[in-house]
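Okay, so here's the structure we're looking at.
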Amino acid sequence: MGRKEDNIKRAQAIIHDKPRIRNIGTAAHIDHGKTTLSDSLIAGAGMISEELAGTQLFMDYDEQEQARGITINAAIASMVHDFDGKQYLVNLIDTPGHVDFGGDVTRAMRAIDGVIILDDAVEGVMPQTETVIRQAIKERVKPVLFINKVDRLINELKLDADRMQQRFVKIITEINARIQKLLPDELKGPWALNVESGNVAFGSARNKWAISVPYLKKTGITFKDIYKYLSEDNQAELSKRAPLHQVVLDMVIRHLPNPLEAQKMRIPVIWKGDPESPVGKAMLTVKENGPVAFMITKIIVDPQAGEVAAGRLFSGRVQRGQELWVSGMPKPQRVQMVAMIVGPDRIPVEEIDAGNVVAAIGLKDAIAGSTVSDDKEMQPFEPIVHYSEPVVTVAIEAKSTSDLPKLVDVLRSIAKADPSIEVEINQETGEHLMSGMGELHLEITQYRIVNDYKVPITASTPIVVYRERVRGAGGPFEGKSPNKHNRFYVEVEPLGEKVVAAIHDGEIASGQRIKDAKALQKQLQDLGMDRDEARNVVWIRETNMLLDVTKGIQYLNETMELVKESFIEAMTKGPLGQEKCMGMKVRIVDAKLHEDSVHRGPAQVIPAVRSAIYGAMCQGERTLMEPIQKLFLNLPQDVMGAVIGDVQSRRGVIEDIRQEGEATTIAAKVPVAAMFGFATAIRGATQGRVLWSTENSGFQPVPGELQHEVVKGIRERKGLSAEPYDEAYYTA
């Protein structure tokens, strides 16, 4: 029996022993070495050959990942590690670092209990490092730190031993400060990073060596020895004395929690049901005989097996042949296969207990983010909040009309597997809109449609997704129904920034029935909203809020569902260019309604409320908002002028320039609309000597002098009439 098969057999023996399970992930800025670290850990555990680790990119098994040298999918692997005479099962999820695939990181955080934050010793703390720390702490996932590429400090920066140690202290202090800032008081001490306690390690994932203070003490290796090996470029010998997998997995077992410890802390944060209910108790104690509580974090589309739902099992046991309910779906579904996942391989098992990462085939209605249970009434887990939203769109058509039905199925399948992709299917025209996090995200998704799903398509050039809002207060504006028997009076104004941030972070739920009006009222008052307004919220749609501040108007209660529908319609297609609205407070302040319900049906109420909202928005000065990206560049000084010139020509604003040795770091903010073609231009301007990354940074108003032209372009593209810029248009 080979070492890999032996490992799989040992893993299957441990899946029932919760204290010996660790569900962990890697997370970091792009190119800080996550996949190389994962490969080297898997090789150390005997799942792939030592020689190929770091170059084989076992976890980047997708053809596009290999070709581009980046991680696109969060990949999962299980391995066994010996620690203090016992064997432990480590379920590892390797996540992407590229900002376009940040949604995968967020979803992976729900499945794990601990995370190895990687940081490049030369680049230090980068924007995406900060984002993944925020994601981990929000999900109560405990971090440890691995400072990678330590050899670069000597080879490239020519640092001596003292300056190297100063560098480490600076990185640890910065990351610790970011972790501490986000933690509740009771976790600040236990989760602090501390070199002495051993939850920080240093090393080189590519060269397969690592050290931590406990390992130095145990083996007698000193920091001077490490420095000597690096100076003499003898990392092969160093990896024999301080093997990476040994040091890092020891740190994981010692410092990251098992499911029994983790779920006590995590369940109250990620599930808001009754802790005294059977499923609540079962999740808090990781009970395998309790109700099934399974959170799907990833849908893997397998050409042979179809859709594989992978995620974390918080309680109960998933067995082959079992019937399970996907939350919100009318019928149960039968599990056809249960498996452990090792990179591209799935190892079938008869059943898997709570506390593990599980793959199941047969849950056809599941999407990434679904709650699955054997209890139809189980309250779903909290929605997974993504830190950025789709900002770039392409229009897609099948090359052949005979492929149209297949393309619709493929797009639905893609939207299930990757909720960061938004798909708008238009059966009438055959043109479908697909929105993603960036050019690369859409490029790779299109590649998959053609090559994995075998549907030839044509795609438009990417276009930017805009948002609409108002600069100030507008209204009251009167909207009349077509039969002139009903009138609605609406005011609009920007919603407070604190409230918008709370909706965005998932602290205030949107798009669902308000469960506890009093709790919401208190929350909104604490965020600075007026008491009367806070208690009259009717509906929240993304970051827009509908309020009914009327007093005693007859029949309005009966009509409120239709008012809500018109509000949703107006917020989905704004008055400027039918783009979504954001950050809007819409108040119904008065209404005059016909006493006969026949005269206040959908055909009367919806246009009346919609035109009242649009008219009030005109008075409040409609504004088009464009998505912005933070841009970070690392480059030699001699090309700095060319790079700054290119960034500024794209309406970019330089925010920071830092010099360190030969390298210069530039931070800027650039509109997404101006970033198309940036990769080619910057490569040409610098002969490929620049490293750069982006991070989505919300929306800002389109400059006044450009707004008219941009709106005109959007309306022409959508086949709408040229936009009349006066509010009289809505009084008809």
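The values are calculated or read from the model by the stated rules, or taken from the named source; none is laboratory data. Worth saying up front: this structure is predicted, and the values here are computed from it rather than measured. Heads up, the Cβs are rebuilt from the backbone with ideal geometry, glycines too, and the neighbour counts pull from every protein chain shown. Ligands, DNA and RNA are stripped out before the accessible areas are found, and what is left, the full protein with its side chains, is counted by its heavy atoms. Shrake-Rupley method; radii C 1.70, N 1.55, O 1.52, S 1.80 Å.
Remarks
- Screening segment 470-485 for residues that are open to solvent by 30 Å² or more (accessible area, probe 1.4 Å) and in a strand (DSSP E or B) and picking the one that is farthest from residue 598 (Cα to Cα) gives 475.
- If only residues of segment 557-593 that are farther than 22 Å from residue 542 by Cα, surrounded by fewer than 18 Cβ atoms within 10 Å (Cβ to Cβ) and not acidic (Asp, Glu) are counted, the one that is nearest to the chain's Cα centre (by Cα) is 557.
- Just one of the listed residues (717, 689) is free of Cβ contacts under 8 Å to residues at least 60 places away in the same chain, more than 22 Å from residue 129 (Cβ to Cβ) and open to solvent by 50 Å² or more (accessible area, probe 1.4 Å), and it is 689.
- Residue count, segment 158-186 (criterion: aliphatic (A, V, I, L, M) and in contact with a helix residue (DSSP H, G or I) (Cβ under 8 Å, 6 or more places away or on another chain)): 7
- Qualifying residue in segment 570-592 (condition: within 23 Å of residue 497 (Cβ to Cβ), in a helix (DSSP H, G or I) and touching a helix residue (DSSP H, G or I) at 6+ places or on another chain (Cβ under 7 Å)): yes
- Some residue of segment 488-496 being of a type in the set (Gly, Ala, Ser) and at pLDDT 90 or above: yes
- Any chance residue 367 is open to solvent by less than 30 Å² (accessible area, probe 1.4 Å), in contact (Cβ under 8 Å) with a residue 24 or more places away in the chain and of a type in the set (A, V, I, L, M): no
- Qualifying residue in segment 143-151 (condition: at pLDDT below 90, assigned to a loop (DSSP other than H, G, I, E, B) and more than 27 Å from residue 629 (Cα to Cα)): yes
- Total residues in segment 166-215 satisfying the condition of being part of a helix (DSSP H, G or I) and closer than 19 Å to residue 123 by Cβ: the figure is 14.
- Flag for residue 605 being farther than 30 Å from residue 676 by Cβ, aliphatic (A, V, I, L, M), over 32 Å from the mean Cα position of the chain (by Cα) and open to solvent by 40 Å² or more (accessible area, probe 1.4 Å): no
- Some residue of segment 447-460 being open to solvent by less than 40 Å² (accessible area, probe 1.4 Å) and under 30 Å from residue 545 (Cβ atoms): no
- Scope segment 104-154; condition of a type in the set (Lys, Arg) and open to solvent by 10 Å² or more (accessible area, probe 1.4 Å); matching residues: 134, 138, 140, 142, 149, 152
- In the condition set (1) farther than 21 Å from residue 26 by Cα; (2) among the aliphatic types (A, V, I, L, M); (3) assigned to a helix (DSSP H, G or I); (4) without any contact (Cβ under 8 Å) to a residue 60 or more places away in the chain, residue 230 is compliant with all but (4).
- The number of residues in segment 505-521 that are over 26 Å from the mean Cα position of the chain (by Cα) and either touching a residue at least 24 places away in the same chain (Cβ under 8 Å) or within 27 Å of residue 136 (Cα to Cα) (or both) comes to 1.
Let's see how each residue does on (1) open to solvent by less than 10 Å² (accessible area, probe 1.4 Å); (2) without any contact (Cβ under 8 Å) to a residue 40 or more places away in the chain; (3) in a loop (DSSP other than H, G, I, E, B):
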{"site": "325", "(1), (2), (3)": "no, no, no"}
{"site": "363", "(1), (2), (3)": "yes, no, yes"}
{"site": "372", "(1), (2), (3)": "yes, no, no"}
{"site": "379", "(1), (2), (3)": "no, no, yes"}
{"site": "383", "(1), (2), (3)": "no, no, yes"}
{"site": "395", "(1), (2), (3)": "no, no, no"}
{"site": "403", "(1), (2), (3)": "no, no, no"}
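- Of all residues making up segment 213-252, the number that are β-branched (Val, Ile, Thr) and open to solvent by 60 Å² or more (accessible area, probe 1.4 Å): 1
- Against the list (1) surrounded by 17 or more Cβ atoms within 10 Å (Cβ to Cβ); (2) part of a helix (DSSP H, G or I); (3) touching a Phe, Trp or Tyr at 6+ places or on another chain (Cβ under 8 Å), the condition residue 279 fails is (3).
- Scanning segment 624-676 for residues that are open to solvent by 70 Å² or more (accessible area, probe 1.4 Å), under 19 Å from residue 688 (Cβ atoms) and either out of contact with any strand residue (DSSP E or B) (no Cβ under 7 Å at 6 or more places or on another chain) or acidic (Asp, Glu) (or both) returns 638, 662.
- Residues of segment 186-212 classified as open to solvent by 40 Å² or more (accessible area, probe 1.4 Å), at pLDDT below 90 and touching a strand residue (DSSP E or B) at 6+ places or on another chain (Cβ under 8 Å), total: 1
- Within segment 84-106, considering residues that are in a helix (DSSP H, G or I) and aliphatic (A, V, I, L, M), the one modelled with the lowest pLDDT: 99
- Of all residues in segment 1-12 being aliphatic (A, V, I, L, M) and surrounded by 13 or more Cβ atoms within 10 Å (Cβ to Cβ), the one that is modelled with the highest pLDDT: 11
- Taking the numbered list (1) of a type outside the set (S, T, N, Q); (2) assigned to a strand (DSSP E or B); (3) surrounded by 16 or more Cβ atoms within 10 Å (Cβ to Cβ) in turn, residue 348 passes all entries but (3).
- Candidates in segment 533-546 are the residues that are open to solvent by less than 70 Å² (accessible area, probe 1.4 Å) and more than 30 Å from the chain's Cα centre (by Cα); of these, the one that is farthest from residue 476 (Cα to Cα) is 536.
- Among (1) of a type outside the set (Phe, Trp, Tyr); (2) under 28 Å from residue 106 (Cα atoms); (3) in contact with a Phe, Trp or Tyr (Cβ under 7 Å, 6 or more places away or on another chain) - the single one residue 132 does not satisfy: (3)
- Criterion violated by residue 315 - all others in (1) touching a residue at least 40 places away in the same chain (Cβ under 8 Å); (2) in contact with a helix residue (DSSP H, G or I) (Cβ under 7 Å, 6 or more places away or on another chain) satisfied: (1)
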